[in-house]
Amino acid sequence: MKRMTRKLLSVFAGMSRRIKRAVILGVDVVLAPFALLLSIAVLYNDLTPLTLSRQVWLLFPFLSIMAAILSTAFGIPKIKLKSYESQAILITGACSAFLAASLYVFAKFIGYILPPVAAILFGLIYFLSSVASRAIMLRLLLWVLRSSQPRCRVVIYGAGTTGMQLAAALKSHDSIVPVAFVDDSKSLQSLTIAGLKVFSPDRIAILAKNREIDRVLLAMPSISAPKQAQIARRLQAFGVDVFAVPSFAQLAGTEAIIDTLAPILPGKLLGRKQIETLMPEGSDAYRGKVILVTGAGGSIGSEICRQLVEHAPRRLVLMEVSEAALYAIDKELREDARANSIEIIPVLGSVTDSRISRAIMSNNGVQVTIHAAAYKHVPLVESNPLAGMMNNVLGTRVLADAAEEAGVERFILISTDKAVRPTNIMGASKRLAELVVQDLAKRSRKTVFSMVRFGNVLGSSGSVVPLFNEQIARGGPVTVTDPDVTRFFMTITEAVRLVLLAGSFAHTESSRGGDVFVLDMGKPMKIIDLARQMIEASGYSVRDDENPDGDVEIEIIGLRPGEKLHEELLIGEGLLTTPHSKIMRARESSLSELDMAIALQDLGKAVNRGDADAARQLAMIYVEGFQSSEGPRPEVRRPLTRG
C-alpha cells in the first residue's frame, strides 16, 4: 500500500501544471458533497434527513458544480501547494462562504427546508477540509520527492532571529533538512527552538558524525566577517562545508549588505602626503624615444610602462620572461598606445639570454633601457641562490653589455634598499648588480649608466599589503615578523614617477654616469603599525590582551632567514641634491675593473657547477657589509675603490 501510494504521488509530481490544476479542482468538487453529508450527520446525529426528501439529493450535484465554478473563479487551483499560505487560506474562506450561501439559496429555491445553521456548518467543514487536503497533499508530495533524492542535512549556527527564519524557510525545502541549531549562548543551549534542539559548538564533531551532517549554515550576519571566517575554518576541520547567510533584512533590502573588505588605497597607509600626481619635468627625456623596459609584466615594470605611455615615446619594447604577465601588460597598453601613436613591441625572453638582449637593442634602435627585471622575493631567492644570482647579477651584465654595445643613450637599473649592507642573497645579488652598472659606467663612452634605489612599494606583488588583506579576509591572524621591524614605503605610482624623473637627470651634462639615485621615502614605518592600520581601515578591531573580543589577531612569527629589523638606503654617508627635493644622489664605492671581471668569472663558474655555497661565499667577499646566515665571512676581501 505504501509503495502504491508513493507511486501514485510520483506520477502526480511528474504531471504537467494544467493536469495538476485539474486534479486539485477535482478534489474541491469531491469535497463539497462530502462536507454537506458530514454537516447533516453532525447536525442530526444520523443521516435520516437524506431519506425524508428526494429534493435533498439535488443539493449534491449542485454543490459539485458550484464548487467547480467558484473555485475556478477565485483562482484557487492555480495556487501552488508550496505557496498555499495565509492569503490563499483567506481566499478559500471567501469561496467557502459563497458556496454555503449558494447552498442555502438553492435549497430554498427547490423547496427544501435547510436550517441556516446547517449551511454555516457546511461552509465551515468545507473550508477546513479544503485547507487540510492541501496541507496533506503538500506533505505527501514532499515526502515522495525527499525520499526519491538525497537530502542535504544541515546544522544552523546561530539560533537568533535569522537562524529561526532560516529554519522555517528550510522546512519546506525539497533537498535540505535542518537537523539542529548550534549557538555560543549558554542560555539557549539545550532549548528547542522552531522544533530543533540547540547544542553547544563543542558538539559539532559529534553531530557531524552521529547525524551525518553535510553542511553548517552560519546564520550570524551581525558578527564581523573575520570572526565568521575563524568559525568557518574551525568547523571545516570536521569535514563539513560551511556557508554564511545574510540576514533576511538584508535580503529584503531594508538593511544594506556592506563589503567591509573593500580594497584599501595604499596611499592612505603612508601617514604622509603623497608626491604630486603629475611629473613636473623630465617628460622630454622620454618623448619620441625608443624605450626598453625589462620585467615589463611585474609590479614595478608594468607601472613604468603605464606612465611611459603618458610621455609619448615613439616605441615601447616590453621584455618579460613570464608569458602570462607579458600578455596582460601588452593587452592593457594597446588601446592607449594606439591613441598616442606608440608602437608596442612585446618580447618574451630572459635578460640572461645575450642573443635576445642584443637582438632587441639592435633591431629596435633602443635609446633608453629601464632594467626592472629581477628576482626580488627574499625567502625564495634565499632558497634558490643560484637562480637569484644568475638572473639579478649575470642578467644585468648581459643586458648592460648589450646596451653599451648598441650605443644606448641611458641605462637605468631599478635597485632596492635591501642592497645596502644586505643580510640575504637577494640583497647581495642586487648590490652586485649595482657594482656591475658602476663598473660599466666608468668605462662607457656612449651609454650613461645609473641606478635608482628605493624601499618597499605598497601594493606590489612582494608587498605586505596584499598579504595582510588576504589574512584579514580569512579572519586572521595577521602575521608580523617582529614587533620592532621597520620598512620604508612608497606607493607604486609615486616610486615609478620618481624613477622616471631620476632617469631624466642621468641624461644631463652634469651627470658623469654611475650615479646612485636614492628616493626620499620619508620616515620608516613599523610593520606592526601598518598591520593595525589595515585591520582598522577594514572596519575591524585588533584582538589582543587589552581587547580579547576583537576581530583580528596580530601574530609575531619571527624574522625569516635573511631579513633585517631595519632597512637602509645609503651605504656611505652624505648625499648630493638633484633638481627634485625627493631625489638624492650618492657617490658610492665600487670595484676595480679587474676585481669586477674576476667576480663575474667566479660567479659564472659557480652557476655552471651548480655550487650555491661558492656563489654565497663570492657575495660575502665582494659585497660590503653582507652578513650571510649560512656561515662566517671569508677572510679574503677584495678592495673597493671610490667612484
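FYI, it's all coordinate maths here, none of it is from the lab. The model shown is predicted, which means the values in this text are computed figures rather than measured ones. A quick note on method: Cβ atoms are made from the backbone with ideal geometry, for glycine too, and the neighbour counts reach across all protein chains shown.
Gly388: net charge of surrounding residues, Cβ under 13 Å, Lys/Arg +1, Asp/Glu -1, itself excluded?
Once all neighbours under 13 Å are counted, the net charge is +4.
Each residue of the stretch 336-349 in order: what ³J(HN,Hα) in whole Hz does its phi give by Karplus 6.51 cos²θ - 1.76 cosθ + 1.60, θ = phi - 60°, with x for Gly and Pro?
5, 5, 5, 5, 9, 6, 9, 7, 9, 10, x, 10, 9, x
Determine the gain in length on full extension of the stretch Glu546-Phe106; use 0.36 nm per residue of separation and subtract their C-alpha separation, reporting nm with one decimal.
Additional length available on full extension: 150.2 nm.
Among the listed pairs Lys78/Lys108; Lys78/Lys171; Lys446/Lys605; Lys289/Lys331; Lys331/Lys430; Lys430/Lys605, which have their C-alpha atoms separated by more than 26 angstrom in this model? List each step's numbers first, then the result.
Values: Lys78/Lys108 32 Å; Lys78/Lys171 23 Å; Lys446/Lys605 30 Å; Lys289/Lys331 21 Å; Lys331/Lys430 30 Å; Lys430/Lys605 19 Å.
Table pairs above 26 Å Cα-Cα are Lys78/Lys108; Lys446/Lys605; Lys331/Lys430.
Quantify how much of the Cα-Cα distance distribution of the stretch 152-252 extends past 20 Å, in percent.
30
Calculate, for Arg211 and Ala135, the FRET efficiency according to 1/(1 + (r/R0)^6) with r their C-beta to C-beta distance and R0 25 Å; round to the nearest 0.05.
Numbers: r = 27 Å, r/R0 = 1.09.
Result of the calculation: an efficiency of 0.40.
Simple spin-label model, 7 Å along Cα-to-Cβ: Arg560 to Ala537 in nm?
Between Arg560 and Ala537, the label points sit 2.1 nm apart.
Kindly write out, for the stretch 394-408 in residue order, the coupling ³J(HN,Hα) from the Karplus curve 6.51 cos²θ - 1.76 cosθ + 1.60 (θ = phi - 60°), rounded to whole Hz, with x marking Gly and Pro.
With coefficients 6.51, -1.76 and 1.60, one gets 5, x, 5, 5, 4, 5, 5, 4, 5, 5, 5, 5, 7, x, 4 Hz.
Please arrange His377, His311, His371 by counting, for each residue, the other beta carbons lying within 10 Å of its beta carbon, fewest first.
His377, His311, His371
Enumerate the amide H contacts of Ile193 below 5 Å, restricted to partners 5 or more residues apart or on another chain; note that Pro and chain-start residues carry no placed amide H.
Val198
Report, by chain and number, residues whose modeled amide H sits under 5 Å from the one on Ile345, excluding near sequence neighbours (fewer than 5 apart, same chain).
Long-range HN contacts for Ile345: Leu316, Val317, Leu318.
Can you run phi through the Karplus equation (6.51, -1.76, 1.60; θ = phi - 60°) for the stretch 372-377 and list ³J(HN,Hα) in whole Hz, with x for Gly and Pro?
After applying 6.51 cos²θ - 1.76 cosθ + 1.60, I find 9, 5, 6, 8, 10, 7 Hz.
Between the stretch 151-220 and the stretch 354-421, what's the alpha-carbon centroid distance in Å?
The stretch 151-220 and the stretch 354-421 have Cα centres separated by 60 Å.
Which FRET efficiency, nearest 0.05, do Arg338 and Ile120 yield, Cβ-Cβ r, R0 60 Å? Walk me through the numbers on the way to the answer.
Details: r = 84 Å, r/R0 = 1.39.
Once rounded, the FRET efficiency stands at 0.10.
Using the beta-carbon distance between Leu37 and Val179 and R0 = 41 Å, what value does 1/(1 + (r/R0)^6) give for FRET efficiency, to the nearest 0.05?
Efficiency computed from Cβ-Cβ geometry: 0.40.
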